[in-house]
Amino acid sequence: ITEIRQAQQVTQVLYNISRVANLSDSLLELYEYVHQEIRTVINSKNFAVAQIDKKLQIITFPYYKDERDEKFESIDINDLTSITNRVIFKRQSIRLNEEEILRMIGETNPELYGNVSKSWLGVPLLVNDEIYGVVMVQDYDLVEAYGEEDEKILCSVSEILASAISKLQYQEELEYLNKDLEQRVAERTEQLE
C-alpha cells in the first residue's frame, strides 16, 4: 500500500509539473514551482538548474537553492573538472557520493565548487538530442541519499523542464524575428514613401 501511494504521489507531482510547464511563460517561476513539488517525493532541499549559454560558452545557474553555498555565477563550458559539465558532456545522469565527487574534482581547489556533498545527482536537460543544461539535487548529510527511483523521477522532471526551456527559447527567438521583420518593413515603407 505504501508503494502504491508513493507511486500515486509521484504521478501526481509529475502531472502538476507538466501542467504548469505547459502554461508557464517564466522559467524562474517554473523552477521554483518544480522545486516545491519535487520536495514531496525526492530529497531536494538543495536543488539547482544549470543552463547552457552557447553564445558566452558558459553554464549559468538561473535557479540555485543550497543550504551551504552561495549561488554560482557561472562555469566555463570547457571545464571538465565540473561535475555539471560532465553530465552535459556525457548526456547522461550522474549519481555520486562524497568520495566519488572528491576523486572527480581531483587536485583542483574544492572551494571553486563549494562545499562537497555526501550525495549528488545530476540529470541532463535534453530534448530531441538538444541539451539545455542540468537539473541537480544534493545532500550534505546522507551518503546514499539518491537511488535509482530518485534518478527516474528527476529524469522525468528534466524532460518536462527541457521541453519548457525549448518552447520558451523558441518563442523568444520568434518574437525577436517578428520585431526585426516589422522594423525592416517600416524602414522599407519609409524608403518607398
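The values are calculated or read from the model by the stated rules, or taken from the named source; none is laboratory data. Note that the structure is a prediction, hence the values are computed from the model and not measured. Cβ sites come from the backbone with ideal geometry, for glycine too, and all protein chains shown count toward neighbours. To get the accessible areas, we keep the full protein, side chains included, count just its heavy atoms, and leave off ligands, DNA and RNA. Shrake-Rupley method; radii C 1.70, N 1.55, O 1.52, S 1.80 Å.
Computed quantities for the displayed model
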read-out: Per residue accessible area of region 44-193, 1.4 Å probe, in Å²; value: 60
read-out: Relative packing of peptides 26-38, 180-192, 149-161 - highest average C-beta neighbours within 10 Å first; value: 149-161, 26-38, 180-192
read-out: Electrostatic dipole magnitude of the chain [Cβ: Lys, Arg +1; Asp, Glu -1; Cα centre; debye, to 20]; value: 400
read-out: Cα→Cβ-extended label distance, 7 Å offset, between E98 and V143, nm; value: 0.9
read-out: Net dipole in debye of region 136-193 [+1 Lys, Arg Cβ; -1 Asp, Glu Cβ; about Cα centre; nearest 20]; value: 400
read-out: J(HN,Hα) series, region 132-147, from Karplus relation 6.51 cos²θ - 1.76 cosθ + 1.60, nearest Hz, glycine and proline x; value: 10, x, 9, 10, 9, 9, 8, 10, 8, 10, 9, 6, 10, 6, 10, x
read-out: Protein accessible area in the chain, 1.4 Å probe - carbon and sulfur %; value: 48
read-out: Hull-based mean projected area of region 20-138, where the convex hull spans the alpha carbons, in square nanometres; value: 7.7
read-out: Paramagnetic reach from S166 in region 113-134 [backbone N under 19 Å; point 7 Å along Cα→Cβ]; value: 123-134
read-out: Gained length - K45 relative to D129, 0.36 nm times residue gap less alpha-carbon distance; value: 27.3 nm
read-out: Potential lengthening between L56 and Q8 on full extension [0.36 nm per residue; Cα-Cα distance subtracted]; value: 13.1 nm
read-out: Within region 1-57: Cβ-based charge dipole about Cα centre, in debye rounded to nearest 20 (Lys, Arg +1; Asp, Glu -1); value: 120
read-out: Cα lying deepest toward the dipole's positive end in the chain, options A21, T189, A48, charges on Cβ; value: A21
read-out: Across K45/K65; K45/K118; K45/K90, pairs whose alpha-carbon gap is larger than 18 Å; value: K45/K90
read-out: Per-peptide average of other Cβ atoms within 10 Å, ordering 53-62, 73-82 highest first; value: 73-82, 53-62
read-out: Cα point-scatterer Debye curve for region 28-81, base-10 log of I(q)/I(0) at q = 0.27 Å⁻¹; value: -1.06
